Amino acid sequence: MKDRALSFYTGVFMISGMVMALQVMQSRIFSVTSWYHLSFLVISVAMFGLTLGALKIYRSDEEDFRKNYNVIARNHTVAFAFFILIGLFAQLYIPLVSQDIFKTFIYLPIVAAATSAAYYHAGVVITTVLTRSPYPIGRVYGVDLLGAGLGCLAVLLVMETIDSPTGILLLSAMAFIAALCFPVPADHPGRKRLLGGTTFDVKDLAVVFSVVLVCVSAANLSVKRPFIYPLNLKTLTVTQDDVDYDGWNSISRVLVTKEREDVPPFLWGPSPVLPKDYKVTRKQLVIDGDAGTPITKFDGDFSKHSYLEYDVTNIAYTAPGIEKAAIIGVGGGRDLMSARYFGVDQIWAMDVNPIQIKLITTEPGFAEYINLKDLPGVSIFNQEARSWFRQNREKLDLIQMSLIDTWAATGAGAFALSENGLYTVEAWSIFVNSLSETGLFTVSRWAEDTEHEFTRTLSVAMGSLFNLGVTDPSKHIAIFHSERISTIIVSRSPMTTEQIEAMRKTAQDKQFEIVMLPGYAVPGDVLGEIAKTRSVEEIKQVSDRLPMDVTPSTDMRPFFFNQARMSRPFEVMRMALTVDSQYNMLYAGQAKALFNLLIIIAFSLLMVIFVIIGPLLKTVQDKGSLFIKAGSLYFVLIGLGFMLIEISFLQALGVFLGHPIYGLSIVLFSLILSAGVGSLISEHVPLNRLSRQLAWAFLTCAYAVCISLSMPSIFDTYAESELLTRILVSIAMIFPAGTLMGFGFPTGLTLTEKFDTRATAWFWGINGAAGILGSTVGIALNMGIGIDRTMIIGGACYALLSICFLGLHAAAKRKALA
């Protein structure tokens, strides 16, 4: 009997962990195959599938499910394993992203259905073992939470070791094995399944499939170029024939293309007078299918690379007195090569992605090809930039941050809905504060039309200088332009005459456009209006008059790449669907990204109405009663409030921890465990009196408000800490919130089931529906009003529960008097 129980608990532990690991790995693949904001679609898809699975149990014959709980758990775990594969192939081979908005309407439901199927079967298994098995629910729930929490952490280690598609293959193999943990008698008919006209034992099928998947995974890992890989990268279709290196980790997928000999050098913003006779041998490094940078073969002779003088991204190096420099985002080593070419003695080059550091420093065939690791005075290391600069005590003469995205990605709105911690007022304040008295911070960005497209960049620069106490930023800023690249240079002190003249002469010789330079050029149009402002409030006043949002991005609203206004949905729709000369490519791309989010919200709404709410509503009796109204509002509010707070934490901690994938894993881990703790505490300290219920509702709201107001100061205090410390701080912020919110669902079920158990399925479904919508609405609110305000709204949802408690108590009194 003990062996059967241990096997059962092992199965529960494994499937709970795999559900969470699957979400994180699917999110990683979505980041490769589609734009980053669509990776959050996984949360909605998972909640949708899990909710449907739970509702199946509540609407099925309880006695039959209690009698055959192990058979049901085993068979649906096998189905879970199978549909993991279906979801994987949908992600790898269906082009979710399309330049044609209308194709999104076709691809999105197909991919959503394919990926949600696995979660449906997982929902059946988890609900069955929790509510229909003979084992103590508290113990089963504890094992479930432990598995889910550890799954969130273990998947990070897995993704640092193997690629995500192979990881999902192995996850499917584990799921087949997990099915065997639910013991079924040998003579039970539920063990048998018909396949191809032949009856097979489910156990035998699970073993065969798991072995096959392990073998396929091993083969995929053993070859230099994997044969299971995403076919569609953003809007491109690729094969492995042109790939020289393919590496995955929890942050990104990195490809290196094969070598091309005697080709023109790649310059981001080439001068019009660039000689045509330059030739180099180079490869191309591609990050997550779109962000690319050159890897130039270097034999130690810098005289062969004088073309670097003709790139507008390097104009700041022509200023005098630059001896110490730092490179943010070393990529393929291009900026590092530039710094040494221009004679910088000490160079610190960093990147948040360890794969790129490995390619430059230790990877056979690449480190020698790039040949920069052994240059004297050069330090190349893996670290998140903001953290390093807060720890660094060395004052720098120049900090360079060039092209942290690509023109294709920017034009398509790739990062429009994604948080980015390198392009906020707080980040730039850190960078500028790390400069020497005459130091320069140079940032290059894609901007085909500088007057319109560089406005957000200038406003962030202005905002950071205001933040550091500068009253006239125009003396601290220069902007140069060539082809599709604009470079902004920000100085800690007013630029010296020598610096201004050196850069002016370079721009004149290389025929770069001087857009803004102290004492010479003043930009026109919107850029000029922003340059004349003397406070962030004045920038906001300029922005309010424009169709696009040009206010400086901050840590609480870190959506630098989105200027389309959430508050103007019809304007967004018009820009997304219309090819009109009044909208340039950048704005249209951002509008398309925002419109995609609106499509996802609408799609989520249709799914919950027709698949969840519609069918369940037919089962509800006395729909107009106070009990149904109060109960429905209660479960909507806790579902919506929980997701608004979760999404706020996700996007805020994505900035704080240095990458969205860390935010996703840590938030899911912390919320699952803490909500479980809260749920377990609620059994011992039940909210069985109105006074306790009201106190809990307002306490939860108060904590959400307090943490939203204190997040900026917490982030600032621990900004220079190591990643592990920041993770622990993040968990400490989340745990009280999760514990408090963990009281919500069991308290609601206890109250409503005492009144009428027939409405349980309805309340469960309406809660899931609110959660599904809350995940996408949360992103929209974070963009529109900021992360801190969205969290306050999430807290307000819990305060509004006081109305529900009063309504439920009034309904109970009416029933008692009837």
>> Take the residues in segment 335-354 that are in contact with an Asp or Glu (Cβ under 9 Å, 6 or more places away or on another chain) and open to solvent by 10 Å² or more (accessible area, probe 1.4 Å); name whichever of them is modelled with the lowest pLDDT.
In response: 352
>> If the requirement is being open to solvent by less than 30 Å² (accessible area, probe 1.4 Å), under 27 Å from residue 363 (Cα atoms), modelled with pLDDT of 90 or more and not in a strand (DSSP E or B), which of these qualifies: 267, 213?
In response: 267
>> Out of everything in segment 649-698 that is in contact with a Cys (Cβ under 8 Å, 6 or more places away or on another chain) and of a type outside the set (S, T, N, Q), what residue ends up being nearest to residue 560 (Cα to Cα)?
In response: 666
>> Show the residue pairs meeting these rules: Cβ distance below 7 Å; 6+ apart or different chains; first residue within segment 1-26 and open to solvent by less than 30 Å² (accessible area, probe 1.4 Å); second residue part of a helix (DSSP H, G or I) and charged (D, E, K, R).
In response: 12/144; 16/144
> Quick one: is residue 727 within 23 Å of residue 631 (Cβ to Cβ) and either within 22 Å of the chain's Cα centre (by Cα) or open to solvent by 10 Å² or more (accessible area, probe 1.4 Å) (or both)?
Replying inline: no
> Are there any pairs, at least 6 apart or on different chains, whose C-beta atoms fall under 6 Å, with the first in segment 110-139 and within 7 Å of residue 53 (Cβ to Cβ) and in contact (Cβ under 8 Å) with a residue 12 or more places away in the chain and the second open to solvent by 30 Å² or more (accessible area, probe 1.4 Å) and of a type in the set (Lys, Arg), and if so, which?
Replying inline: 124/56
> Are any residues in segment 781-794 of a type in the set (Gly, Ala, Ser), open to solvent by less than 10 Å² (accessible area, probe 1.4 Å) and part of a helix (DSSP H, G or I), and if so, which ones?
Replying inline: 794
> Can residue 694 be described as hydrophobic (A, V, I, L, M, F, W, C), touching a Ser or Thr at 6+ places or on another chain (Cβ under 6 Å) and open to solvent by 10 Å² or more (accessible area, probe 1.4 Å)?
Replying inline: yes
> Taking segment 135-170, which residues are within 28 Å of residue 92 (Cβ to Cβ) and small (Gly, Ala, Ser)?
Replying inline: 147, 148, 151, 154, 164, 167
> Restricting the search to segment 469-480, which residues are out of contact with any Lys or Arg (no Cβ under 8 Å at 6 or more places or on another chain) and open to solvent by 10 Å² or more (accessible area, probe 1.4 Å)?
Replying inline: 469, 470, 475
>> Test of understanding: among 673, 699, 687, 694, which residue is outside any helix (DSSP H, G or I), farther than 30 Å from residue 392 by Cβ and at pLDDT 85 or above?
In response: 687
> Among (1) under 23 Å from residue 3 (Cα atoms); (2) open to solvent by 50 Å² or more (accessible area, probe 1.4 Å); (3) in a helix (DSSP H, G or I), where does residue 142 come up short?
Replying inline: (2)
> Any idea how many residues of segment 541-552 are outside any loop (DSSP other than H, G, I, E, B) and over 16 Å from residue 783 (Cβ atoms)?
Replying inline: 3
> Can you name the residue in segment 152-170 that is open to solvent by 10 Å² or more (accessible area, probe 1.4 Å), in contact (Cβ under 8 Å) with a residue 40 or more places away in the chain and out of contact with any strand residue (DSSP E or B) (no Cβ under 6 Å at 6 or more places or on another chain) and is also nearest to residue 667 (Cα to Cα) among such residues?
Replying inline: 153
>> Criterion first (in contact (Cβ under 8 Å) with a residue 24 or more places away in the chain, open to solvent by 50 Å² or more (accessible area, probe 1.4 Å), within 20 Å of the chain's Cα centre (by Cα) and farther than 30 Å from residue 815 by Cβ) does residue 664 satisfy it?
In response: no
>> Against the conditions (1) touching a Phe, Trp or Tyr at 6+ places or on another chain (Cβ under 7 Å); (2) within 22 Å of residue 602 (Cα to Cα); (3) of a type in the set (S, T, N, Q); (4) open to solvent by less than 20 Å² (accessible area, probe 1.4 Å), where does residue 752 fall short? Just the number, please.
In response: (2)
> Listed residues 737, 719; which is within 23 Å of residue 694 (Cβ to Cβ) and either of a type in the set (Phe, Trp, Tyr) or in contact (Cβ under 8 Å) with a residue 12 or more places away in the chain (or both)?
Replying inline: 737
> Any chance segment 537-553 includes a residue that's aliphatic (A, V, I, L, M), at negative phi, at pLDDT 85 or above and in contact with a strand residue (DSSP E or B) (Cβ under 9 Å, 6 or more places away or on another chain)?
Replying inline: no
> Do any helices (runs of 4 or more DSSP H) entirely within segment 368-448 hold 3 or more residues that are at pLDDT 90 or above and either surrounded by fewer than 24 Cβ atoms within 10 Å (Cβ to Cβ) or touching a His at 6+ places or on another chain (Cβ under 8 Å) (or both), and if so, which?
Replying inline: 425-433
> Given 483, 513, 501, 529, which one is under 20 Å from residue 271 (Cα atoms), within 35 Å of the chain's Cα centre (by Cα) and open to solvent by 20 Å² or more (accessible area, probe 1.4 Å)?
Replying inline: 483
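The values are calculated or read from the model by the stated rules, or taken from the named source; none is laboratory data. Note that the coordinates shown come from a computational prediction; the quantities given were computed from them, not determined experimentally. Don't worry about glycine lacking a Cβ; one is built from the backbone with ideal geometry, like all the others, and counts go over all protein chains shown. Calculation scope for accessible area: heavy atoms of the full protein, side chains included, ligands and nucleic acids excluded. Shrake-Rupley method; radii C 1.70, N 1.55, O 1.52, S 1.80 Å.
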